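The values are calculated or read from the model by the stated rules, or taken from the named source; none is laboratory data. Bear in mind the structure is a predicted one, so any value in this text is a computation, not a measurement. Positions of Cβ are generated from backbone atoms using ideal geometry, with glycine treated the same way; all protein chains shown enter the neighbour counts. Heavy atoms of the whole protein, side chains included, go into the accessibility calculation; ligands, DNA and RNA do not. Shrake-Rupley method; radii C 1.70, N 1.55, O 1.52, S 1.80 Å.
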Amino acid sequence: MLEVKDLSVHYGVIEAIRNVSFEVNEGEIVSLIGANGAGKSTILKAISGLHQPSNGEIVYEGTAITKETPKKIVEKGISQVPEGRHIFSGMTVMENLEMGAFLRKDKAEVQNDLNNIFARFPILKERMKQDAATLSGGEQQMVAMGRALMSRPRLLLLDEPSMGLAPILIKEIFHIIEEINQTGTTVLLIEQNAKMALKIANRGYVLETGNVVQTGTGKELLESDVIQKAYLGG
Amino acid sequence: MDTFIQQMINGLSLGSIYALIALGYTMVYGIIKLINFAHGDIYMVGAFVGYTMINSFGMGFFPALVTAMALSALLGVLIERIAYKPLRNATRIAVLITAIGVSYLLQNGMLYFYGAGVRAFPQVLENKLYSVGGIKVSQIQLMIFGTTFILMILLQFIVQKTKMGKAMRAVSTDASAAQLMGINVDNTISFTFFLGSSLAGAAGVLVGLYYNTIDPMMGVAPGLKAFVAAVLGGIGIIPGAMIGGLTIGIIETMVSAYGNSMIRDAVVYGILILILIIRPAGILGKHVKEKV
Ligand SMILES: Nc1ncnc2c1ncn2[C@@H]1O[C@H](COP(=O)(O)OP(=O)(O)OP(=O)(O)O)[C@@H](O)[C@H]1O
Ligand SMILES: [Mg+2]
């Protein structure tokens, strides 16, 4: 479904990632694990068209989207929940969710999806009219996820959804990610929480200072030396 | 007491005009963090468009107002596309200096075409005076209140309820997140200039009617005062511009009436200095912590 080939991205003269390649197949949850500054968010920015790569190719369903605008990429069915949530402060929870459906014209279906999101995150329905900035971190994460789902993505990119959340909430968020995946959405999940992320993943990649250093199924990686040493203290 | 109410009405008239101009400053600042120093000159061009439409095309008040708004809006969009958009990733000071350059260009362009002389604005509205218990309100003042009121309601509706308005707010708070929603940031910025400049154009025509005269330098002082109004209300906040504009208009009028009209402008700029020291976020501004 998504194929990233030899991707390099620079910020000015700084090289954030070098020759990164990986793929995501339809229906999978793929986890990308890496420490701070490994270049995880950079990869997602490149996929979403927010930052142009200096080299390499991003192929989605057989066509290159490397040079497409963010708008085109959303239209094609890729949606991102950015690191740090980036909800729209000063706008209500409802308005935030509406923004996710910005490009959609099928009003009835949008309403339908909104109901589904409220069913999945009941707290958001209660807080519908509240300024999204006044929500707790966990609730904001739900807004960000709901907002991304409102575009009805076929591929959902999640950038550290567990960041700053209490363990019980992290569990819930990961459970929801699995549910979203089961309803037919392919997921590319970026995490530092390697244990949780690899547990729910079909496959994973380990990124170190801009390079993919290891790949395998979620289970294989969980048991691998790299992960045991660097992330699980084993 | 009567004179006080009378001055209040005069102050509100002037303040409405400042508010219309201040809205453009604040919206543009909200979305690209630029103090658009050419904004006062768009207001001036609006006044000249109104003048030309009435004088040369025999238009009435409303058609002239709408034409001035439309052409000012186009001018604003054009300026943004030509002068500011190529500088999207440049330093803020570079864009600011460009804005000052555009301001001079508009002033001198109009000096070239219309000359430096002050022109009498054609009085399309009969200047009737209504008098209620000793308080006088002119037809033109009523027109200023009415027009400003309608435009503000319309603006609130656009910003709060329409798709483009919501896109504007989204881009203002977080441009990259807005892009992730599929919002075209450039178009949204253009739309913001469109709205803000059309309001400035309307203010230009209203001022022409109110003070009877226009000239190519007329945008400088009101432009600055409207900027003060925007800062007073809280720059980037739409209701703040409305409150700030009315406040500055009232203060300026009261200082002239009860104090000394010579120090009127000094008081307004003094207010700017005071806000910047005491409450830089403005009346409605929240002291926002930088996001981590
Ligand atoms: N806008 C930018 N300008 C310059 N350098 C940047 C920019 N964004 C990221 N970088 C650099 O690129 C590298 C990769 O950053 P990136 O944000 O992709 O890391 P990450 O893996 O997401 O880290 P984290 O887990 O902390 O979010 C880092 O060295 C970072 O300093
Ligand atoms: Mg990151």
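The set of residues from the stretch B:128-187 being within 23 Å of the chain's Cα centre (by Cα) and of a type in the set (Phe, Trp, Tyr) comprises B:Phe145, B:Phe149, B:Phe157. If the condition is being away from ligand 2 (no atom under 16 Å from the Cβ) and assigned to a loop (DSSP other than H, G, I, E, B), then the stretch A:78-94 contributes A:Ile87, A:Phe88, A:Ser89, A:Gly90, A:Met91.
If you take the residues of the stretch A:52-61 that are within 13 Å of ligand 1 (Cβ to nearest atom) and surrounded by fewer than 19 Cβ atoms within 10 Å (Cβ to Cβ), which of them is nearest to the other protein chains (Cβ to nearest Cβ)? Talk me through it step by step, then tell me what you get.
We begin by selecting, within the stretch A:52-61, every residue within 13 Å of ligand 1 (Cβ to nearest atom); these are A:52-54.
Right, trim to surrounded by fewer than 19 Cβ atoms within 10 Å (Cβ to Cβ) and you get A:52, A:54.
Numbers: A:Gln52: 12, A:Ser54: 16 Å.
Top of the filtered list is A:Gln52.
From the list A:Gly164, A:Gly204, A:Gly210, the one residue that fits, being touching a Lys or Arg at 6+ places or on another chain (Cβ under 7 Å) and within 16 Å of ligand 1 (Cβ to nearest atom), is A:Gly210.
Check whether at least one residue in the stretch A:22-42 is open to solvent by 50 Å² or more (accessible area, probe 1.4 Å), more than 16 Å from ligand 1 (Cβ to nearest atom), within 30 Å of A:Leu221 (Cβ to Cβ) and polar (S, T, N, Q), and report yes or no. Yes, the stretch A:22-42 contains a residue that is open to solvent by 50 Å² or more (accessible area, probe 1.4 Å), more than 16 Å from ligand 1 (Cβ to nearest atom), within 30 Å of A:Leu221 (Cβ to Cβ) and polar (S, T, N, Q).
Evaluate the stretch B:196-206: report whether one residue or more is in contact with a His (Cβ under 8 Å, 6 or more places away or on another chain) and within 14 Å of chain A (Cβ to nearest Cβ).
no
Checked against (1) within 16 Å of ligand 1 (Cβ to nearest atom); (2) facing chain B (nearest Cβ under 8 Å), A:Ser89 passes all but condition (1). Suppose the filter is over 30 Å from A:Val143 (Cα atoms) and out of contact with any Pro (no Cβ under 6 Å at 6 or more places or on another chain); does B:Val205 pass it? Yes; evaluated as a whole, the condition is true for this residue. Only residues that are within 13 Å of ligand 2 (Cβ to nearest atom) and outside any strand (DSSP E or B) were counted across the stretch A:15-46, and they come to 12. Restricting attention to the stretch A:64-83 and to residues that are within 9 Å of another protein chain (Cβ to nearest Cβ) and buried (at least 18 other Cβ atoms within 10 Å of the Cβ), the residue that is farthest from the chain's Cα centre (by Cα) turns out to be A:Lys71.
Suppose the filter is of a type outside the set (Asp, Glu) and touching a helix residue (DSSP H, G or I) at 6+ places or on another chain (Cβ under 7 Å); does A:Ile168 pass it?
Against the criterion (of a type outside the set (Asp, Glu) and touching a helix residue (DSSP H, G or I) at 6+ places or on another chain (Cβ under 7 Å)), A:Ile168 does not qualify.
Considering the stretch B:131-246, the qualifying helices (runs of 4 or more DSSP H), each wholly inside and each with 3 or more residues that are among the basic types (Lys, Arg), run over B:163-173.
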